[in-house]
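*Asks:* Attaching a single structure in structure tokens format; questions to follow.
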């Protein structure tokens, strides 16, 4: 029995990309169209991973934490073997399965069953095993009744189920997961999570990128915080999450800002409403007093007490939505 | 990443993926048609049986010999152009598989070839009939196909591999090839006969600059019981050797960048 491990040394990844040249704000609509057609994209380079070092040994469950574009998926892709590092080394022992893009790599015109064959053969599974896989995959994804329908007739949730069922059918030593779970109906999500837990428990190494802190906390033992293609923290999962929270206190600050804005709006609305009501009440009062003055021209009536508009305004249906 | 030959060996040992996915591509395309796979016969047959007699008359050629020339020429050309136009986008269209870590690019080249070869094989069902019927084809000459077609396929492989790689790198390359393919159909002696022009005439030299001419020639000439021009044999041999060398070089140098390009 071999020990599964991942060793990454001085890993860096620089990729070319094409950028449309920056344009001055176009003078006219036509100029915009013309510019879009004629501007030649320029080749630039971006460093997606920058001198990344770590090693994961058997039994570890590693969370990749970071904002969008921090390099989580890129790192997973590199570990999956799709991206070749531009510098440094990456050594992997053990069979690996990447669950990075579920629902892709299908033939739309082929039936559900044929697509199981297709995906499974792309995963290098020998055909004898594939035949045995078809039934359980259909069962798990609950697509048995429509196994002979063309794939394009399926809903996106059903496709997701199929992809998930195929990808998780076989247990591997190393599992590389990107956050994607969550589509599909609640019942399936629950079953998928069970299956995932099962696979995670059965595999020797798990690397998972996700934004769901609760999921990471329950699954992982170790956390790596990525920022701009670098690992800025590597340690215990709860420490890593705390570090991430410290790095990006966006949550708290955003909450406070939202609370403030909501309050300001509430006050504004309240003021407007109060003014409106006051105006109405005054108008009504004036009308009444004129009317009663006409009616009882002879006998002088007592003036009505002055209305107090404030309490009416306070209950004036301002939606005091909870500021979350 | 391992070298080209290593990759190719692995691909051939594990044909499940590329064989199955190319088969699916073909089958699903005709699934909803009434005639199904019979449509595969149509293009070459129409070309041979409609255009053949017509042009034989127009050019004043012997119909038995001309139909073989036209049918075989078109069948081979079609395979060649299908491989090229499929390979241009093959890496991009197989992106999900590549991104999941299946970076053995020979799989995708073989997929392009498998598809085109299947079409070719199907069109040959009709063509074999023509070959047997034609009085211009000596008995036994048909068997030379067993030797010449594999040579073509051998060339198709490096073409598919290089085109796929370059197509993934630069979209311009794809556009250039598409344009060339369109022109190539007219420049290549499929309807007309290239060997009517002497080797040393200007027209003859121009005709022989076209690599497709030589590929067609080594298939067609033996069918008439001739040995192909020595120039053609040399050209094809050189093409095969140089092509594979280029493919091996591109594989070693650039195949690792493919996931990034796409």
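*Asks:* So for B:201, A:121, B:21, fewest C-beta neighbours within 10 Å to most, what's the order? Can you show the working numbers first?
*Replies:* Numbers: B:201 11, A:121 20, B:21 25.
So the ranking, lowest neighbour count to highest, is B:201, A:121, B:21.
*Asks:* Report the relative contact order of the stretch B:1-130, percent, no decimals, based on alpha-carbon pairs under 8 angstrom and at least 6 residues apart.
*Replies:* Averaging sequence separation for qualifying contacts and normalising by length gives 39 percent for the stretch B:1-130.
*Asks:* Right, next: So for the stretch A:71-183, averaging the separation of alpha carbon pairs under 8 Å that are six or more residues apart and normalising by length, what relative contact order in percent results?
*Replies:* 41 percent
*Asks:* While we're looking at this one, here's another question. With 16 Å as the cut-off, how large is the P(r) tail for the stretch A:203-253, expressed as percent of Cα-Cα pairs?
*Replies:* So the portion of pairs separated by more than 16 Å is 39 percent.
*Asks:* Between the stretch B:43-68 and the stretch A:58-104, what is the C-alpha centre distance in whole Å?
*Replies:* Each part reduced to its Cα centre gives a spacing of 58 Å.
*Asks:* Continuing with this model, one more query. Ranking request for peptides A:125-132, B:254-261: highest mean number of other beta-carbon atoms within 10 Å first, then the rest in descending order.
*Replies:* B:254-261, A:125-132
*Asks:* Over all residues in A:5-16, what is the mean tally of Cβ atoms on other chains that come within 10 Å of each residue's Cβ?
*Replies:* Mean shielding by partner chains, rounded to a whole number: 1.
*Asks:* Given 5 Å bins starting at zero, what is the percent of C-alpha pairs of the stretch B:158-262 in each, up to the one with the largest pair distance?
*Replies:* Answer for the stretch B:158-262: a P(r) of 2, 11, 17, 19, 17, 13, 10, 6, 3, 1, 0 percent.
*Asks:* Any idea how far the Cα center of the stretch A:197-267 sits from the one of the stretch B:1-41, in Å?
*Replies:* When both Cα centres are located, 44 Å separates them.
*Asks:* If we count other beta carbons within 10 Å of each Cβ, what is the order of B:79, B:239, A:197, fewest first?
*Replies:* Ranked by crowding around the Cβ, least crowded first: A:197, B:239, B:79.
*Asks:* Could you grab the relative contact order for chain B? Cα pairs under 8 Å, six or more apart, rounded to a whole percent.
*Replies:* 27 percent
*Asks:* What ratio of Cα Rg to 2.2 N^0.38 Å holds for chain B?
*Replies:* Details: Rg = 19.0 Å, N = 262, 2.2 N^0.38 = 18.3 Å.
Taking N as the residue count of chain B, the ratio is 1.04.
*Asks:* Further, regarding this structure: I need the calculated FRET efficiency for the pair residue B:256 and residue A:34, taking r as the beta carbon distance and R₀ as 51 Å, to the nearest 0.05.
*Replies:* It comes out at approximately 0.85.
*Asks:* If you count, for every residue in B:23-33, the Cβ atoms of partner chains within 10 Å of its Cβ, what is the mean?
*Replies:* Mean shielding count: 3.
*Asks:* Between residue A:262 and residue B:245, what FRET efficiency follows from the Cβ-Cβ distance if R0 is 60 Å, with the result rounded to 0.05?
*Replies:* 0.30
*Asks:* Let me ask something else. Averaged across the residues of B:250-259, what count of C-beta atoms belonging to other chains lies within 10 Å of each residue's C-beta?
*Replies:* For this peptide, the per-residue mean of nearby foreign Cβ atoms is 2.
*Asks:* Based on alpha-carbon centroids, what's the gap between the stretch B:213-250 and the stretch B:174-212 in Å, whole number please?
*Replies:* Here the two parts' Cα centres lie 14 Å apart.
*Asks:* Just the Kirkwood number for the stretch A:90-213, please: inverse of mean 1/r across all distinct Cα pairs, in Å, one decimal.
*Replies:* Values: mean 1/r = 0.0673 Å⁻¹.
Result for the stretch A:90-213 stands at 14.9 Å.
*Asks:* Arrange A:230, B:253 by Cβ neighbour counts within 10 Å, fewest through most, would you?
*Replies:* Arranged by neighbour count, lowest to highest, A:230, B:253 become B:253, A:230.
*Asks:* Assuming a ≥ b ≥ c are the square roots of the Cα gyration tensor eigenvalues, decide whether the protein assembly as shown counts as rounded (a/c under 1.5), prolate (otherwise, with a/b larger than b/c) or oblate. Could you put the intermediate results ahead of the total?
*Replies:* Numbers: a/c = 2.60, a/b = 1.93, b/c = 1.35.
Because a/c hits 1.5 or more and a/b exceeds b/c, the protein assembly as shown counts as prolate.
Read the figures in this text as sums done on the coordinates, not as results from a lab. Keep in mind it's a predicted model, so treat the numbers as computed, not measured. Note that each Cβ is placed from the backbone with ideal geometry, even for glycine, and that neighbours are counted across all protein chains shown.
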